[in-house]
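The values are calculated or read from the model by the stated rules, or taken from the named source; none is laboratory data. This one's a predicted model, so the numbers in the text were calculated from it and none came from an experiment. A quick note on method: Cβ atoms are made from the backbone with ideal geometry, for glycine too, and the neighbour counts reach across all protein chains shown.
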Amino acid sequence: MSIVLERELTQNFERRMKPSVMIVEDEEALSTMLHYNLEKEGYKVTTVADGEEAAMLIREEAPDLVLLDWMLPSLSGIELCRRLRGRSETRNLPIIMITARGEEGDRIRGLDTGADDYVTKPFSMTELLARVRAVMRRIRPALSEDLVTFGDIVIDRSAHRVRRGTREVHLGPTEYRLLDHLIQHPGRVFSREQLLDAVWGSEVYVEARTVDVHVGRLRKALVEPGERDPIRTVRSAGYSLDEHFSK
Ligand code: CA
């Protein structure tokens, strides 16, 4: 095979493999910031500021996921969402709706209309990227990335390994799943029962205090003297991964 052809095949393969996100947002500053961060995360990114134009571009480019602002010129996000759901080729297109504060009632309608998830402005980039990853993983597991980074912590899913800075962190399988689950939702507080469901599965009967034991082990493995603790214990509520840790 010629070198040129080989290179072309590799490029096509990479282009196919790189998940694409379309940002439909008329606030330029926000759109630029989203574009920058998503591209840094390895997505192929397209931005568009107008609803009608977005409808056309989505047909042409068939992105893997759409970040859709609620209020848009010419065609609202909600109307566009409805339209996309009405067409067979975009019926299952993952959509994350971006709403502004004060549209609480609208939020629910957004999900009724078929959005997969929503975020409320102002949102943290960490949270948004985690939502994007979660939707991608749910809908196209093959597209989900192998390397997940949170501050100086890196999970390599293909090798089932965890690093913090330059050192390898040795975790048992339960601690590994616990970390992987928490890292998908930075800042969200999980009760012990929720963690039991997510990490152990609802069929298994485990006492809630078992969660404390494993969180303790995870912490011990992750945090060496002088290092910051990424796990927050929320009294009488549960545990969360400290959102501010990665900043
Ligand atoms: Ca807007």
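Condition check: closer than 28 Å to SER158 by Cβ, out of contact with any Asp or Glu (no Cβ under 6 Å at 6 or more places or on another chain) and not assigned by TED's automatic domain parsing to the domain that holds VAL132. Does ASP212 satisfy that? Answer is no for this residue. Taken together, LEU38, LEU30 contain a single residue that is within 27 Å of ALA198 (Cα to Cα) and modelled with pLDDT of 90 or more, which is LEU38. The lone criterion from (1) away from the ligand (no atom under 13 Å from the Cβ); (2) assigned to a helix (DSSP H, G or I); (3) touching a residue at least 40 places away in the same chain (Cβ under 8 Å) left unmet by GLY42 is number (2).
The one condition from (1) within 18 Å of PRO230 (Cβ to Cβ); (2) in contact (Cβ under 8 Å) with a residue 40 or more places away in the chain that GLN194 does not meet is (1).
Suppose we keep only residues that are modelled with pLDDT under 90 and crowded, with 18+ Cβ neighbours inside 10 Å within segment 52-66. Which one would you say is farthest from the ligand (Cβ to nearest atom)? Reasoning before the result, please.
Filtering segment 52-66 for residues modelled with pLDDT under 90 gives 59-64.
Those still in the list that are crowded, with 18+ Cβ neighbours inside 10 Å too: 63-64.
Working: PRO63: 19, ASP64: 22 Å.
Out of the qualifying residues, it is ASP64.
Exactly one residue out of GLY238, GLY226, GLY216 is more than 22 Å from ARG164 (Cα to Cα) and either surrounded by 15 or more Cβ atoms within 10 Å (Cβ to Cβ) or without any contact (Cβ under 8 Å) to a residue 12 or more places away in the chain (or both): that is GLY238. Picking from residues in segment 67-82 that are part of a loop (DSSP other than H, G, I, E, B) and surrounded by 16 or more Cβ atoms within 10 Å (Cβ to Cβ), the one that is farthest from the ligand (Cβ to nearest atom) is LEU75.
When GLU25 is tested against (1) at positive phi; (2) touching a Ser or Thr at 6+ places or on another chain (Cβ under 8 Å), only condition (1) is not met.
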